[in-house]
Amino acid sequence: MNRRFVLVYGGAALAITLALAAMFSAAPILWFVLLGSAFVVAVLLPLGDGPVLTWIVMFNMLSVAADVFNYELAEQGAGVYPVIYNQDRAIIYSCAALVALAAGMRVSLSVMQNRRPIVAGQESMLRFEPSRIFILYAVFLPFSSAVSMLAAVSPGLVQPAYALGLVRFAIIYWLSATAFAANRHYTWLAIVIFVELVVGSTGAFASYKEGFFVVLIALVASRRRLSFRQAAIAAAGAAVIIYMSLIWSVVKMEYRSQIVGQGPVSSVSWLAKKYVGGDVDLRQGASILLERIGYTTFYAFIIDRNTERFRGIYLRAIEHVLTPRLLFPDKAALSDSAETNQVLNSNIGAGTSIGLGYVAEAHIDFGFPGLLVPIFGLGAVVALIYVYFTSRNISAALRDAFAVGCLFNCLAFERDINKEFGGMTMGFLILSLALKFAGGRLITFCRVRSPTPFGLRARAA
């Protein structure tokens with residue numbers, strides 16, 4: 001999708017939508033800002049310049065869109081949640097921040113354009129065997145799970161375990177891209193998606209969606225007209241993810257309090273009963289899910305609040321990254337809920353992870369419009385990481401896979417900057433080292449073996 005396509009067709013769709021919003025919406029200004037910001041982002045970051053970068057910003061836009069929809073329902077008297085004071089300002093500021101994030105990415109891509117490969121060259125002729133990529137996934141999955149279990153009892157291993165887990169998603173992307181390029185081998189991909197759904201459902205935070213997100217990014221990056229099978233996979237996967245999210249929104253508190261710690265078999269069995277016929281109110285799930293996706297509420301709370309004594313959040317995040325636990329064993333463990341409790345004077349319970357979000361934290365540190373500067377910088381850093389991976393002298397399929405694995409889950413709207421900056425830095429270090437020292441071996445292992453011609457075999461004998 002190039003920039004001209006976005007300008008012509010996206011502009012026409014935007015004009016029609018805004019006209020409808022002006023006639024029927026109770027909050028037309030918010031729709032104007034949201035849709036206009038999304039259009040600007042699409043112009044700044046067309047998919048051809050890096051699908052994973054567009055994904056990062058647009059996934060954040062989804063959070064803001066959910067709150068605009070909630071605001072619309074509340075203004076029309078049909079909402080489950082009331083309008084929160086200052087939420088309209090929080091939504092507008094958030095949209096501006098996401099445009100700044102995209103602008104930072106655009107500037108880095110433009111400055112580093114000579115480092116980015118225009119075409120894959122002879123690397124495009126390399127073919128990989130999906131069954132062998134699946135073997136890599138099957139071997140790495142229990143390893144990363146074991147490291148994650150170890151990190152649960154050792155705070156110093158949390159971010160390294162997270163970074164190692166990103167390699168798994170790089171493998172999923174590699175497998176997906178290979179299958180979509182050939183338009184076959186979907187059995188391996190279906191198995192991976194099923195395993196991700198099952199394994200991800202057993203944790204306390206329901207990380208069953210990430211693998212499917214990576215598959216979607218690979219599908220978009222394939223730049224081919226969707227076949228029936230590809231469209232069916234995408235539609236079926238999206239339907240399953242939405243259904244599971246509706247159920248999870250209702251049962252997650254009960255699951256966390258009663259089931260976590262009883263083992264994966266009990267967890268999967270308990271959840272399976274809920275998914276298949278657990279008498280769960282899907283309307284309640286839809287309300288909770290919509291409220292959970294949106295995340296400008298906390299931002300609205302802090303806009304007029306005196307938060308001067310909490311300033312320096314971004315600086316403390318940088319200091320935290322620059323003081324590795326290996327050299328500073330007494331470094332305190334990160335707790336986003338603790339900071340949220342202090343800033344909002346709330347009482348979020350132990351075992352729950354709820355952050356203010358890195359945009360709201362930037363507002364505490366710099367106010368508006370000052371927050372646009374650090375957010376722009378974050379976008380520039382993310383794009384530089386993307387350029388680093390995609391400019392490596394190695395197979396285009398593998399370098400793209402590691403770029404997506406490193407970045408697809410970074411800068412989610414609701415996360416705090418301390419964890420995001422540290423996780424992104426650690427992810428970059430580990431994945432870049434893995435690509436450098438293991439990339440060649442991975443290519444050798446997964447490359448399709450050419451059959452030996454009969455004549456050569458006979459001559460050798």
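Using the number of other C-beta atoms within 10 angstrom as an exposure proxy, rank Tyr275, Tyr299 with the fewest first.
Ascending number of Cβ neighbours within 10 Å: Tyr275, Tyr299.
On a full-extension model of 0.36 nm per residue, what is the gain between Ile242 and Ser131, subtracting their alpha-carbon distance, rounded to one decimal in nm?
Result for the pair: 37.1 nm of gain on full extension.
State, to one decimal in nm, how far the label point of Ala235 lies from the label point of Ser110, with both points 7 Å from Cα in the Cβ direction.
Label-label distance for Ala235 and Ser110, simple model: 4.1 nm.
Which order do the peptides 413-423, 308-318 take when ranked by the mean count of other beta-carbon atoms within 10 Å per residue, highest first?
413-423, 308-318
Please compute the modelled spin-label separation between Lys273 and Met58, points set 7 Å along Cα→Cβ, answer in nm with one decimal.
4.0 nm
Counting other C-beta atoms within 10 Å, which of Asp279, Asp304 has the fewest, and how do the rest follow?
Neighbour counts put them in this order, fewest first: Asp279, Asp304.
Can you check what the net charge comes to around Leu371, using other residues whose Cβ is under 10 Å from the Cβ of Leu371 (Lys, Arg +1; Asp, Glu -1)?
Local charge sum for Leu371: -2.
At a 10 angstrom cut-off on C-beta neighbours, averaged per residue, how do the peptides 175-184, 237-246 rank from highest to lowest?
Peptide ranking by packing, descending: 175-184, 237-246.
May I ask you to list the lysines whose Cα is less than 19 Å away from that of Lys252, ignoring any residue fewer than eight positions away on the same chain?
Once the sequence-local lysines are set aside, what remains near Lys252 is Lys209, Lys273, Lys274.
For a protection proxy built on the mean count of beta-carbon atoms within 10 angstrom, sort 213-220, 339-346 highest first, please.
213-220, 339-346
Here, each number is a calculation from the coordinates, and none is a lab measurement. Note that the structure is predicted; figures quoted are calculated from it, not measured. Don't worry about glycine lacking a Cβ; one is built from the backbone with ideal geometry, like all the others, and counts go over all protein chains shown.
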